1. With surrounded by 19 or more Cβ atoms within 10 Å (Cβ to Cβ) and either of a type in the set (S, T, N, Q) or more than 24 Å from Thr138 (Cα to Cα) (or both) as the only criterion, which of Gln48, Gln111, Gln17, Gln36 stands out?
2. Out of everything in region 103-147 that is modelled with pLDDT under 90 and of a type in the set (Asp, Glu), what residue ends up being nearest to Gly73 (Cα to Cα)?
3. Please state which of the following conditions Gln31 fails to meet, knowing it meets all the rest: (1) surrounded by fewer than 17 Cβ atoms within 10 Å (Cβ to Cβ); (2) over 24 Å from Thr138 (Cβ atoms); (3) under 16 Å from the mean Cα position of the chain (by Cα).
4. Only residues that are surrounded by 13 or more Cβ atoms within 10 Å (Cβ to Cβ) and either at pLDDT 85 or above or touching a strand residue (DSSP E or B) at 6+ places or on another chain (Cβ under 8 Å) (or both): list them for region 82-93, please.
5. So how many residues does region 30-47 have that are without any contact (Cβ under 8 Å) to a residue 12 or more places away in the chain and of a type in the set (A, V, I, L, M)?
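The values are calculated or read from the model by the stated rules, or taken from the named source; none is laboratory data. It should be emphasised that the depicted structure is a prediction, and the values quoted were computed from it without experimental measurement. Here the Cβ positions follow ideal geometry from the backbone for every residue, glycine too, while neighbour counts run over all protein chains shown.
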Amino acid sequence: MVTVAIMGILMSIAVPQYERYITRSNRIAMQADLMQIASALERARAVQLTYTGADLSSVNIYGSTTYPKGSTGTKVLYNLVLGPANSSSAPTTTGALSTNWEISAKPANKQVRDGLMKLNSLGQSCWNQGVDTSCTITDTSQSWRSR
């Protein structure tokens, strides 16, 4: 009986820690993919001299609007939106790009409550821990680099 009690206590500590580790790993992987998307957008601009026509669904940019790439249903961890840059707290909406861009990664399913992430063409980033609906990209305290 004592062994079962000890195992219960250990599990009550280990399981939440493991879940936090998985959530953090998914967020870091999403940030890495956002950086890859940024590189692809800059390569496209170098060739075309504009961001016009850039689309996350394009294989040359990312190939999907979800993370992990091509996931559906409950396997989606982030929904991605590429649109014109703005510093408002709301996620951007898809729109015509010309001289700048902003990518929003909104948490879904298992990642819900981890926080919205954004990256823009100026290299500014934000992650608002625990808030899935807002992230102010001009707020340096929310930058990925400050955490």
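1. Numbers: Gln48 fails: surrounded by 19 or more Cβ atoms within 10 Å (Cβ to Cβ); Gln17 fails: surrounded by 19 or more Cβ atoms within 10 Å (Cβ to Cβ); Gln36 fails: surrounded by 19 or more Cβ atoms within 10 Å (Cβ to Cβ).
From the options Gln48, Gln111, Gln17, Gln36, the qualifying one is Gln111.
2. Looking at the filtered set, the residue picked out is Asp132.
3. Condition (2) is where Gln31 drops out.
4. Scanning region 82-93 gives Leu82, Gly83, Pro84, Ala85, Asn86, Pro91, Thr92.
5. Residues flagged as without any contact (Cβ under 8 Å) to a residue 12 or more places away in the chain and of a type in the set (A, V, I, L, M) within region 30-47 amount to 3.
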